[in-house]
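To keep things clear, I will list the structure first and then write my remarks on it.
The values are calculated or read from the model by the stated rules, or taken from the named source; none is laboratory data. Here the structure is a predicted model, which means the values were calculated and not measured. Heads up, the Cβs are rebuilt from the backbone with ideal geometry, glycines too, and the neighbour counts pull from every protein chain shown.
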Amino acid sequence: MNRLTSFVAAAALLATLPAGAQMQMPGDPSSGMPSVPGPLTAKYKTDADKILAAAMADSDGYAALTYLCDHIGKRVSGSPQLLTAIEWGADLMRNAGLQNVKVQSVMVPRWVRGNESATVITTGKGAIAKPLHMLGLGMSVETPKEGITAEVLFVPTFAALDALTPEQVKGKIVLFNPGWHGYGVNSQYRTAGPSRAAAKGAVAVLVRSATGLAMQTPHTGTLRYDEKQPKVPAAALSVEDALLVERLTKEGPVKIHLQMDGHMEADQKAGNVMGEIVGSEHPEQVVVLGGHIDSWDVGQGAQDDGSGIIATFEAVSLIHRLGLKPKRTIRIVFWVNEENGGAGGRAYREMIGDRIGDQVAAIEMDGGAEKPLGIGYGGFGAPRRPAAPAAGAPATGMAPRPALDMSTLTAEEKQSYVWMQDIAALLRPIGTDTVSPGGGGSDIGPITADGVPALSPRTVGLHYFDWHHTEADTLDKVDPDDFKRNTAMLSVVAYVLADMDGRLAGRKSTFRE
């Protein structure tokens, strides 16, 4: 079936839908609709099968991830470990035979955690003085050397804080615990809570960790100070300890002693690591894929985002090893400073400059390497960050996959979804053949905001937010078979996008980190 026939068939299918109808794409098991085969499936089946077989037999990718985790480890921006990882990453690409390997210089912030502790203190009958499981939030300022001892004010939500007067908040340590409503909701208390509480006179802020898992494991992550407000120390508590402090505040006055050494030092030179398979016909046109090489300063950065950079790297390496030569260039990038600044993504956009139209597609893997289901594409009205689960759904922290309102798409966007479903059909042997709205990531945000088509793997998302930003983000959390399936899916999608005649549609937007 030629492309015109495929388009006519897809158009006929879309025409049967009522205006504004909500649907999943054909081939999605939840849609109840059959897949629409097309020319891409027939054209690329032989190459795709080779890639899938090679990826599922591959052990080099997981071996590289093992080395990264066990021998380099956590890689917070500005640290010596990050610089080691960058040098290692460039060598990895050169040894794989990739072309144009380079490190794009990027200045990154240097935040140092230092020593930190928190203790809850009550008086009277049943008095306690209990150390708490805590992690300072990234970019937090320090406490005085002797620490801060102050009464705790429990505040469940921003709305509850807004209802308080400055006199009620002044001089207190504010504890936010809204319950678990998914990462997209809970992370707002980490990023914005310190400044909102400081605006009313709080001397420090504690937040419940952004996770649904109660295992006495605190989760760090960056905060964003409002430069118009005082900067106060801020830390995350484990779920159990946040609930304990909440209960104690309901019995009577509670104090916490908080000591934190976290501070900023001078910016450090680091870089984005990149290599290429140069296109055979249109080398100037680029399909870029990757993840972020930095991590937080806890755990090993295995799922977030060691799995992302190594799965995307191995996807490109497999294409090269199989001797496949796409028409367009495939570029792998290990972006730097995603966790606490986004400098790598901005620097990449600056490097592209006015050649943004040559960026054919951007794929970011930054959601862990759990069992993959398929590819998210477009971001057309879909949330970029995980949000609250649907009623009755497990509180994994991942957003429910939104339905797609086809009436809101242009003809080019509809055709692009048809092509993506055609590509996804090639992935049926490994069970990753769904296409859903959404896709993108923080590092590719600066280019996808200018209309570059955005894609990202979609996984089951069962445990990612149990692990990320914690001491538990270690290699053992990455299942080798799931890792191989992610690699296989990325490799096929990147190869076909770089070789097919058509180009996916993108949509301009306002980029928000």
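Determine which single condition V76 fails, assuming it passes every other condition in (1) touching a residue at least 24 places away in the same chain (Cβ under 8 Å); (2) surrounded by fewer than 17 Cβ atoms within 10 Å (Cβ to Cβ).
Unmet condition: (2).
Could you list, in sequence order, the residues of the range 284-318 that are of a type in the set (D, E) and not in a helix (DSSP H, G or I)? Even if it seems obvious, please write down each step before you answer.
We begin by selecting, within the range 284-318, every residue of a type in the set (D, E); these are 284, 294, 297, 304-305, 314.
The answer is E284, D294, D297.
Name the one entry in K74, K43 that is assigned to a helix (DSSP H, G or I), at pLDDT 85 or above and among the charged types (D, E, K, R). Full working, then the answer.
On the way: K74 fails: assigned to a helix (DSSP H, G or I).
Matching residue, one of K74, K43: K43.
Out of the range 320-339, which residues are surrounded by 24 or more Cβ atoms within 10 Å (Cβ to Cβ) and not charged (D, E, K, R)?
I330, I332, V333, F334, W335, V336, N337
Does the range 485-496 contain at least one residue that is part of a loop (DSSP other than H, G, I, E, B) and either of a type in the set (A, V, I, L, M) or surrounded by fewer than 20 Cβ atoms within 10 Å (Cβ to Cβ) (or both)?
Checked the range 485-496: no residue is part of a loop (DSSP other than H, G, I, E, B) and either of a type in the set (A, V, I, L, M) or surrounded by fewer than 20 Cβ atoms within 10 Å (Cβ to Cβ) (or both).
Here is a list of conditions, (1) modelled with pLDDT under 95; (2) part of a helix (DSSP H, G or I); (3) touching a Pro at 6+ places or on another chain (Cβ under 9 Å), and E413 meets all of them except one; can you say which number that is?
Every listed condition holds for E413 apart from (3).
Restricting the range 436-462 to residues that are modelled with pLDDT under 95 and part of a strand (DSSP E or B), which is farthest from T41 (Cα to Cα)?
Among residues in the range 436-462 that are modelled with pLDDT under 95 and part of a strand (DSSP E or B), the one farthest from T41 (Cα to Cα) is P437.
For the range 174-194, which residues satisfy the criterion of being of a type in the set (V, I, T) and closer than 15 Å to A160 by Cα?
The one that is of a type in the set (V, I, T) and closer than 15 Å to A160 by Cα: V174.
Condition first: part of a loop (DSSP other than H, G, I, E, B) and either of a type outside the set (G, A, S) or buried (at least 16 other Cβ atoms within 10 Å of the Cβ) (or both). Now tell me which residues in the range 167-182 satisfy that.
K170, K172, N177, P178, W180, H181, G182
Here's a check for you: in the range 98-123, which residue that is under 30 Å from L248 (Cα atoms) and polar (S, T, N, Q) is surrounded by the fewest Cβ atoms within 10 Å (Cβ to Cβ)?
Out of the qualifying residues, it is N115.
Testing N95 on (1) exposed (fewer than 14 other Cβ atoms within 10 Å of the Cβ); (2) without any contact (Cβ under 8 Å) to a residue 60 or more places away in the chain; (3) farther than 30 Å from P80 by Cα, one condition comes back false. Which one is that?
The number of the failed condition is (3).
Report every pair of residues separated by at least 6 positions or lying on different chains whose Cβ atoms are under 9 Å apart, first residue within the range 191-203 and free of Cβ contacts under 8 Å to residues at least 40 places away in the same chain, second aromatic (F, W, Y) and surrounded by fewer than 21 Cβ atoms within 10 Å (Cβ to Cβ).
So the pair list comes out as A192/F158; S195/Y225; R196/F158; A198/Y225.
What single numbered condition from (1) touching an Asp or Glu at 6+ places or on another chain (Cβ under 6 Å); (2) among the small types (G, A, S); (3) at pLDDT below 95 fails to hold for A391?
Of the numbered conditions (1) touching an Asp or Glu at 6+ places or on another chain (Cβ under 6 Å); (2) among the small types (G, A, S); (3) at pLDDT below 95, the odd one out for A391 is (1).
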